[in-house]
Every structure is written in C-alpha cells, then in structure tokens.
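Input: a single structure, listed below in structure tokens.
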Amino acid sequence: MGSESYDVVIVGGGINGCVAAKFLAADHDVLVLEKDQIAAATTAKASGLISVAHDYIDHLEAAKYAADFFDEYDGTGDFVFTQRTNLRLIPPGTEELARSEAAQIEEHFEMDYIESTGEIEDRYPGALELDPFVGAIEVEQGGWVDPYTLTITYKEDAEDAGADFETGVEVTGVTTEDGAVTGVETTDGSYTADTVVVAMGWHTKEFVSEWVDLPIRPFRYQWVNLEVERDFPDYYPVCWDIRSGLYWRPEHNGDLHVGGGTYYVDEPGTVRSTPTESFKRHVAMTIPEQVTDVEDARISSGDTCHIGDTATPDERPIHDAPDDCPDGLVISTGMHGFGIMGSPVTGAAVRSLVTGEDAPFPMSKYTLDRFDDGPQDWTVTFINESPDDIGV
C-alpha cells in the first residue's frame, strides 16, 4: 500500500471512533483504523444504559443533547432504543444529595422527585422491594440500547457518507512536520491527513505520551444476566441504587441484567471475560432485597470490560486538541464507563474540535487543562471495589 490521503484519520474503531466518523463524514474524507475488529473490545462489553440525566449530572446540557439524540436516532438502520424511565432509588440518609441532584436535573429533563415508597409502588406495582429505600428520582428520558448494534449503525452511517474503515491495521505513530500533524504510520504503510483523532480508550495515554501526560487509568466494570421465574412488565424502569452501586434492567429475553462491581486494574491490564466471585456474591446478596420475586434467580451469563475502560479523576471525558500536541491532533478518551450513552456528546465534541464549530454544549468541561490547577489526584472510589480484585 502506498500513502493515501484523507482529511481526517481516526485511530480506534470502538464507539468513540465510529461516532466521530459519523459526525464528520458528511463533509470530510474520513478513515477509521482499527487493529482488531469494530466494537470488539470495551464497546461490545457494555450494558448499553441510557441514563445520562444521572450519570452526566455535572454536565447536563450535554446529557440533554445525548438524550434527545437517542430519541431521534431510534429506528435508524437496525438500531432500536428501548425507552424506559430511569429510577434512581434513594436509600435513607441520602435524601439531601438526592434533592440536590433532582434540582439540577429538573432544569433540563422531565422528572419527578418521589417522596414515598408507596408512590413508587403505585407507579411500578410489584416491581421492587422497597424496604431499603425512602423515595426515588424518576426521569422520563432513558432506557437502553444494544451497544454493538448502535456502533455498527454509526459505522454504516459514516460509510454511507463516504467514510472508509480498515480493520487489522495497527497505527504505530503520528507523523508531524513543523509542529503540525501530517498523518499516521501503520503496520501496513502510511496515510496522510491534516487531522488525526486518537480514540483508543486507555491506550490513548501511551500513544500521545510524547506530548501530554493524560490523567487516565484503566478500570473494569462487570455485569451478569439473571434467569428469573417472573415476568417484567413493559413499564419496568432502569433502576440504580447509589448505596449498593448496582443498576438493573430487564432483558428482552426475560432475564434481569445487573451491572456494577467496578474496580481499577493495573496497567496495562490483563484480559478478563468473567465477573469476579466477589461481584457475583454481591449481586446474590443484594438483588433479592431490591427486586421482587427473584429469590431463585440463577446467573445465565456474565461478562466484564475485559481489558479495561478508561477513568479520569473527575469522571468526565477528555475531548480536546491540547496546545502541547501538534496542530491537528485531537484526543477523545476517558469515558468512565459512559461511552455508549455519551457517544452523541463524543461525536459533537470531536466535530467541534475538527471544524472549529460551536458544540451544542459547553466544551470547557472536557478540556485537558481543567487538571492544571491541582494534582491529578485519584479520589474516585468505586463502591464495590474489593482489594482481592485489584489488578485481576
């Protein structure tokens, strides 16, 4: 292969790379390079929750943009958005935090602060064991998606607009001249481009280490599907409990999907595809106290982010073209487990960085220099983190 020329080369074929290609392909010649297969790593292991009102609590303008995007994108190609309310359950002693969150959410979303368990039962009869809770925050815009189908739909949209995708090609470096990007070198040859978008998850840190030290580290989340002897009605919400650190929702086949169990892993991280025993025990001990009629549940399947998702100290992503990098180098990483639900934000943010257009939300939340005023202090503590699991 000789050198081929594009406007934009995107390194990484996960959710970030594919959505960036979708947002750019209509008016740019775009190439996506992936050393494995599209959506084969972290993306394919995700739970697919769309719960941006809670998980993007400190950047709700972006959350609303993402929620509206999924409402409109439903039915594109093979993509289906299963729309359900989000129910953030409130344990005793956390009411002050919950009211603060509700006040923020209410500025952007249709929501209700439910002040009694009786009212929860009225709205969701027979859905939940309510003894551990005193209320809930109910948000209308939410649900879940299939992460792989969503990513492939982004890819197909980008291809329809003219983007190219190459798999089995490893990018070995960015080429520069006079402080500006000129393209990339790969195991199969070189490509020229004025812009390179690096969307490699936690591998981004090493890839751009010549220019910047990214405050990111890998962590792993886990989930199991429980085979249960009950049906879940169409009104059953996506639930989250801050105290146990677990979230759950029905599957279309009747199983109950339960996720959480996050923990940091050692760099570079080892491949793992099964949940830890401590997480499975936590689910077994907790879910029957939160969900009705699941005492006889059995684990039918389970998985984990087998290499590692990417965390930042403040739980927000990095979408930036840092001054210390060559002109034309854009970084998109640090999704903190929210890469699927945040993918519309990623697409719009990367487009803004490439084109200079205004994004539909404040970009200052995502710049690397937000860490300049203090140490890159890892204060994030995962609720179910077990010392026995660290580094596994």
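Below is a table of values for the structure above.
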quantity: Charge dipole (the chain, unit charges on Cβ, about Cα centre) - positive-most of Asn86, Ala63, Val196; calculated: Asn86
quantity: Cα gyration tensor shape of the stretch 147-226, rounded if a/c is under 1.5, else prolate or oblate by comparing a/b with b/c; calculated: oblate
quantity: Within the chain, longest stretch free of exposed chymotrypsin sites (Phe, Trp or Tyr not before Pro) [DSSP loop, at most 16 other beta carbons within 10 Å]; calculated: 1-210
quantity: Correct choice for mean projected area of the Cα convex hull in nm² that was computed from the model, options [x] 18.7; [y] 23.3; [z] 16.7; calculated: [x]
quantity: Cα-based equivalent ellipsoid of the stretch 61-157: semi-axis lengths in Å, sorted from largest, via gyration tensor; calculated: 30, 16, 10
quantity: Sites Trp211 and Glu110 - FRET efficiency at Förster radius 41 Å, r taken between beta-carbons, to 0.05; calculated: 0.40
quantity: Radius, Kirkwood style, for the stretch 66-219 when every pair of distinct Cα atoms is counted (Å); calculated: 20.1 Å
quantity: Rg and Dmax [Cα atoms of the stretch 111-156; Å; Rg one decimal, Dmax integer]; calculated: 16.1, 47
quantity: Two-site label geometry, Arg281 and Ser190: point separation in nm, points 7 Å out along Cα→Cβ; calculated: 5.6 nm
quantity: Cα-centred dipole magnitude for the chain, charges only on beta-carbon of K, R (+1) and D, E (-1), debye, nearest 20; calculated: 800 debye
quantity: Cross-link table Lys64/Lys205; Lys35/Lys365; Lys155/Lys365; Lys155/Lys280; Lys64/Lys155; Lys35/Lys64, entries beyond 25 Å C-alpha to C-alpha; calculated: Lys64/Lys205; Lys35/Lys365; Lys155/Lys365; Lys155/Lys280; Lys35/Lys64
quantity: In order through the stretch 230-236: 3J(HN,Hα) via Karplus (6.51 cos²θ - 1.76 cosθ + 1.60), integer Hz, x for Gly, Pro; calculated: 9, 9, 10, x, 5, 8, 4
quantity: Shape category assigned to the stretch 1-70 from the gyration tensor of Cα positions, a/c cut at 1.5; calculated: oblate
quantity: Calculated [θ] (222 nm, deg cm²/dmol) that DSSP helices of n ≥ 4 give over the chain, each run adding -39,500 (n - 2.57); calculated: -6500 deg cm²/dmol
quantity: Furthest towards positive pole of dipole, Ala163, Ile152, Thr310, structure part the chain, Cβ charges; calculated: Thr310
quantity: Top of Ser100, Ser244, Ser343 by mean-square fluctuation, Gaussian network on the chain, Cα under 10 Å; calculated: Ser100
quantity: Antiparallel bridge percentage (DSSP; both residues within the chain; nearest 5); calculated: 70 percent
quantity: For the chain, built as a Gaussian network whose Cα springs stay under 10 Å, the top-fluctuating residue of Val208, Val196, Val224; calculated: Val208
quantity: List Thr186, Thr274, ordered by accessible area with a 1.4 Å probe, largest first; calculated: Thr274, Thr186
quantity: Where the chain is the region considered: accessible area per residue in Å², 1.4 Å probe; calculated: 41 Å²
quantity: Rounded, prolate or oblate (a/c below 1.5 giving rounded, otherwise prolate when a/b exceeds b/c) for the stretch 1-139 by Cα gyration tensor; calculated: prolate
quantity: Where the Cα pairs of the stretch 41-88 fall when distances are cut into 10 Å bins, in %; calculated: 23, 49, 27, 0
quantity: 3J(HN,Hα) from dihedral phi, the stretch 203-209, Karplus parametrisation 6.51/-1.76/1.60, rounded to Hz, x for glycine, proline; calculated: 5, 4, 4, 5, 5, 10, 5
quantity: Computed label-point distance, nm, for sites Glu140 and Asp36 using a 7 Å Cα→Cβ extension; calculated: 4.0 nm
quantity: Amide hydrogen neighbours beyond the local backbone of Asp29, cut-off 5 Å, H modeled; calculated: Asp7, Val8
quantity: Kirkwood estimate for the stretch 201-336, i.e. one over the average of 1/r between Cα atoms, Å; calculated: 16.8 Å
quantity: Inter-site label distance for Glu357 and Asp122 at 7 Å from Cα along Cβ, in nm; calculated: 4.6 nm
quantity: Rounded D (µm²/s) - the stretch 194-275, Kirkwood Rh over Cα pairs, Stokes-Einstein at 10 °C, 1.306 mPa s; calculated: 100 µm²/s
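The values are calculated or read from the model by the stated rules, or taken from the named source; none is laboratory data. All of these numbers come straight from a predicted model, not from anything done at the bench. Glycine gets a Cβ as well: all are built from the backbone with ideal geometry, and neighbour counts include every protein chain shown. Each accessible area value is taken on the protein alone, full model and side chains, heavy atoms only, with ligands, DNA and RNA left out. Shrake-Rupley method; radii C 1.70, N 1.55, O 1.52, S 1.80 Å.
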